[in-house]
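Everything on this sheet refers to the single structure shown next.
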Ligand code: ADP
């Protein structure tokens, strides 16, 4: 007897098998490339302050030996570079710790009102140094979300710090908690700075992505803050939405 004809399902199944394995290979390649880009970026970011430290040490041992003034100035710069490396290592460790954590939503009930109050209070001196005023707008009632207090604090610290750093001197930064929809509270952080050109917006949460690398470095940025924020918010089943208008300012919204 002739062999039965393969069913359409079997035929399509075979086709699908090839398609899936092809996709898996390209996905694996993409992940490999992302991983090696990340290692290259991280090494570059660490190597820059290291090279500068080495250069200053050699100068202090050689041409600037015995020069008191140069000593003081160079030690100041070396301290800054070492601090920059520590910040970078801290952020890299934060990222890798978050990657190891499961995606289970942390279930502590966190009241966002005192949390945001604490974030804004702790950043007031930093904002004042930059000539920025932080305004906090909270609703009457408590607004609780299931989450991890420290992680959420890290997210809002980063957003408010960025709004102060990249906003405009003399202008304000507004932090608003809205619980109009009680089940889905939102926090917006608004600045009235130069804004972000639209082509950069979709890439802001990539690791080491910076609109202007020099501006970020000079403002003590590592380029990892928003990548960390995105990781944390994904764990919390929350979204980060960015709206920006060049010349007007930027609004980062966390939607729980
Ligand atoms: P960084 O450590 O450089 O601040 P982030 O990951 O926190 O890194 O932010 C990534 C980049 O996004 C910044 O370098 C900056 O170019 C841009 N950015 C973030 N927040 C703002 C903002 N409020 N206004 C303008 N640009 C911003």
Quick calc: nm separation of the 7 Å Cα→Cβ label points for residue 107 and residue 34 -> 2.9
Whole angstrom only: what separates the Cα centroid of the stretch 57-114 from the Cα centroid of the stretch 179-221?
21
What 222 nm value per residue comes from the helices of the chain, counting each DSSP H run with n ≥ 4 as -39,500 (n - 2.57) and dividing by all residues, nearest 500 deg cm²/dmol?
-19000 deg cm²/dmol
Along principal axes, Cα extents of the chain, largest first, whole Å:
100, 58, 37
I'd like the orientation of helix 68-100 relative to the chain: the angle between its Cα long axis and the longest Cα principal axis, in ° from 0 to 90, rounded to 10.
20
Using alpha-carbon coordinates alone, the radius of gyration and Dmax of the stretch 100-144 in Å work out to 14.5, 40
If one compares the long axis through the Cα atoms of helix 112-129 with the longest principal axis of the Cα atoms of the chain, the angle in degrees, nearest 10, works out at 40
Between residue 200 and residue 239, the FRET efficiency computed from the C-beta separation at R0 = 25 Å comes out, to the nearest 0.05, as 0.85
Would you kindly state how much longer the chain becomes between residue 85 and residue 57 on full extension, computed as 0.36 nm times their sequence separation minus their alpha carbon distance, in nm to one decimal?
8.5 nm
Sort 205, 222, 48 so the one with the fewest other Cβ atoms within 10 Å of its own Cβ comes first.
48, 205, 222
What is the angle, in °, between the Cα long axis of helix 225-235 and the longest principal axis of the Cα atoms in the chain? Nearest 10 is fine, range 0 to 90.
40
Given a Förster distance of 25 angstrom, what is the FRET efficiency for residue 248 paired with residue 118, based on the Cβ-Cβ distance and rounded to 0.05?
0.30
Using a Förster distance of 22 Å, how high is the FRET efficiency between residue 172 and residue 220, based on the Cβ-Cβ distance and rounded to 0.05?
0.55
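Read-outs throughout are calculated quantities, based only on the coordinates presented, and are distinct from any laboratory measurement. What you see is a predicted model; the values in this text were computed from it and never measured. Quick reminder, even Gly has a Cβ in these numbers, built from the backbone with ideal geometry, and neighbours come from all protein chains shown.
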